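Shown next, in C-alpha cells, is the structure this report addresses.
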Amino acid sequence: MNREEKKRLTRLNILVISEKMFSKQGIKKTDIRDIAKQSGVSTVTFYKYFPSKDELLTQITILKLTEASASIKEELEVSTDNIFSIMKRIENLIDEKAGDLNNPEFDEFLDIAFFSNPKVIVAQEEMTKGIVTAIYSQLKKTDQLKNNITLEAMLFYVDMIIQYSRLPKNRNLFGPNHQRPHSNLEQEVLNIILYGFIKQPEKK
C-alpha cells in the first residue's frame, strides 16, 4: 500500500468512526480526542486531516452526499421502471443515508451548511448535476422523455429551483430538516419538474 492510499484509508476511517460516535453520543458530547483514540491515530494526526469539528462534519456530509449520489445513479442505471416509481426508491435511499446520522444536532448543522457552507454547496450541486444527468439518460432510455427537452435545459431548470430555495425567505420551506411544516413541498416541486420533462400518455 502506497502512502497516498494509506492516507486516504486513514481519513475514511476517521470519518466512519466519528459518524458512528456522533450518532451514538451526539455531536457536542463527542470529544475529538475520543474520536482520534477510536480511530487509532493521535490527536495531532487527526487535526492534520480535519482542523476542526465543523470541518469534520462538513466532510461527513460530503461523504453522505457522495454515497447517496452513487446509490441513486446505480439505481437509475439498472432500472427500467416508470420514473415515478424510481424516484420513490431514490427518496428512500436518501432518507436511508440521512438516517445514518440522525439527530437534532446534525439537522441543525445541515440547516446551516446547505445554505452557507461553500464546500457542502459545491458537493450538493455536483450531486444534483449527476443525478439529473442520470435521470435524463433514464428517461431517454425508456422513451419517457419529451422529444424537445435537452439535458442543458433540464439542468438549468433544476438549478433555478435550487437557487430559489436558497433565498433567505425560503429557508423554512426547503432543506434537510424533515420536521418542517412544509415537508411535502419538496416532493410537490419534484413532481412538477418531472411532469414537465415526461411524455404524457397518448389519448385513445
From the cross-link list Lys53/Lys169; Lys88/Lys169; Lys73/Lys140; Lys20/Lys73; Lys28/Lys53, the entries with a Cα-Cα span beyond 20 Å are Lys53/Lys169; Lys88/Lys169; Lys20/Lys73
For the range 22-62, the charge dipole (Cβ of Lys, Arg +1; Cβ of Asp, Glu -1; about the Cα centre) points to a positive end, and the Cα of Ala36, Leu57, Phe46 closest to that extreme belongs to Ala36
Given charges of +1 on the Cβ of Lys and Arg and -1 on the Cβ of Asp and Glu, with all other atoms neutral, how large is the dipole of the range 1-51 about its Cα centre, in debye to the nearest 20? 40
By how many nm would the segment from Arg8 to Ala153 lengthen if fully extended, with 0.36 nm per residue of separation less the alpha-carbon distance? 48.5 nm
Contour minus Cα-Cα span, Glu91 to Ala70, at 0.36 nm per residue, comes to 6.2 nm
What ³J(HN,Hα) values, in whole Hz, does the Karplus curve 6.51 cos²θ - 1.76 cosθ + 1.60 give for the range 26-31 when θ = phi - 60°, with x put for Gly and Pro? x, 6, 5, 7, 8, 8
Between Lys37 and Lys146, what is the label-to-label distance in nm when each label sits 7 Å out along the Cα-to-Cβ direction? 6.0
Using only the Cα atoms of the range 1-51, construct the convex hull and provide its projected area averaged over every direction, in square nanometres to one decimal. 3.4
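Any read-out appearing in this document is the output of simple, stated calculations on the displayed coordinates, not a laboratory observation. None of the values given here were measured: they were computed from a predicted structure. Using ideal geometry, Cβ is built from the backbone for each residue, glycine included, and neighbour counts are taken over all protein chains shown.
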